[in-house]
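Notes for the one structure printed next.
FYI, it's all coordinate maths here, none of it is from the lab. Note that this is a predicted model, so its numbers are computed, not measured. Please note: Cβ atoms are built from the backbone with ideal geometry, for glycine as well, and neighbour counts cover all protein chains shown.
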Amino acid sequence: MLTADPVAGGSALLFWSKVMGNAGYFVAVLMLARALGPTGRGTIAFITVTALVVARIAAFGITEATIVFSARRRDERGALLSNMVIFMIGSALFVGALACGVLLLLGDERPSGVGGPELAMLALGTLVSALVDGAAGFLLGCDRLRRLALITATASWVYPLLLATIWIASGLTVLWAAAAWVATETLRAGLLLRQSARGIGLARPRLRLLTESVRFGARAWVGSLARFLNFRTDQILMGFLASEAALGVYAVAVNASEALLYLPAATATALLPVAARADAAHRAEQTLRAFRSVALVTSGAIVIAALIGPLLLPAVFGSAFSDSVKPFLWLLPGALGFAATAVFSNALMASSAPGLSSLGALVSLVVGIGLDLVLIPRFGASGAAAAASAAFLAGGAVAVLVYSHRSPFAWGALLRPRRGDLHVLRALVRPLRAS
């Protein structure tokens, strides 16, 4: 049951669903690491990450527009859903085919394990990932958090089940692993679209509404794409600047450290539709409380991760991934920068300032790519991790400054504890106490 604070309740619901869903993904990552080794794990990381990046490019901000518009315009939800589906299919097919064509033209310059069949999986993964993103945004905007959370918590477990079946039946290869991932995301897309249409249906598409969505989304697209690329660009660059084995080592460090980002991401996601419906005064209050809450919990989680991570990574993934420990530790400080970027960028989005919401993430992307090009050739996975943390911290600082300019607040309100700041923590532990 959600708490009286809708942001805290939504944060907890999305957080635990993400934990449960990513536990399934973690099992899959563990199987891939054991079965394929660092090189094979690196190839799979390149395929899946590239598909997710291309899907986000193809979305062109329509997901963000769908969240905000469906939160504010109940009567137009059917048309918004139809417009989103049509746009995502057409755009993802075009951009996905273009990306695969570019990779084919690169020939020997692309990662050696990525051939024609793997590129076909990449193209299919782009299409279904775009639909997953759009449908999840629609459910969020319609305040159907329980349905979104249920699918998030369960669908990812299909991936390790498929991998285990293939591994036992015929042996696991990169191509079969990619096909299992695409099948899982196809199922997820189908479930999300079915729940999106439930009780609403697909209304006749409206060109005027689509044009309005594209205009809003285009301003938000730079930021949403930059935020997403901040997670993925370093892995793509490592595919070209370092060995696939080094990418495999780094991918494991990223997979482990991303657990620290679940709560900030869940809180920012829950904040967006709530803040979009609120007046300016309440929106600022909700935003600052949300940031103080996630900063408190994330800081504690960083300390715990720094203590136990170096022991668990080699024990869980095997000695071949002992080199993942150092980049894992370098990635930890960036979680606080990510929290600031996520919360304040979504608050700006909810304030109908999609252009300003892009600035923090854009700074992170520029700083990250610049540092990647300098540090990866010399320091490999550790260089990529240090670059990622520095980029997140820089972007977070910019997001805070931009938000303070648009919605001025006393700087003491940013970190000084207030009554109600523990609502998120209480909402997080409530399911544990009830079990």
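So the values come out like this:
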read-out: Computed [θ] at 222 nm, helices only, for the chain once each DSSP H run of length n ≥ 4 contributes -39500 (n - 2.57); value: -28500 deg cm²/dmol
read-out: Burial ordering of 372, 234, fewest other beta-carbon atoms within 10 Å first; value: 372, 234
read-out: Neighbour-count order for 279, 108, fewest beta carbons within 10 angstrom listed first; value: 108, 279
read-out: Listed peptides 218-225, 375-382 by packing density, highest first (mean Cβ within 10 Å); value: 218-225, 375-382
read-out: Burial ranking of peptide ranges 140-146, 384-390 (average Cβ count within 10 Å, highest at the top); value: 384-390, 140-146
read-out: Region 17-29 - phi-based ³J(HN,Hα) in whole Hz, Karplus 6.51/-1.76/1.60, Gly and Pro as x; value: 5, 5, 4, 5, x, 6, 5, x, 5, 4, 4, 5, 4
read-out: Distance from region 160-227 to region 68-90 (C-alpha centre basis), Å; value: 15
read-out: The chain - convex hull of alpha carbons, volume per residue in Å³; value: 137
read-out: For 50, 126, 39, order by how many other beta-carbon atoms lie within 10 Å, fewest first; value: 39, 50, 126
read-out: Surrounding net charge for residue 321, when Lys and Arg each add one and Asp and Glu each subtract one, Cβ distance under 13 Å; value: +2
read-out: GNM result for the chain, Cα springs below 10 Å: residue of 361, 253, 281 fluctuating most strongly; value: 281
read-out: For region 153-250, the Rg and Dmax computed from alpha carbons only, in angstrom; value: 19.1, 52
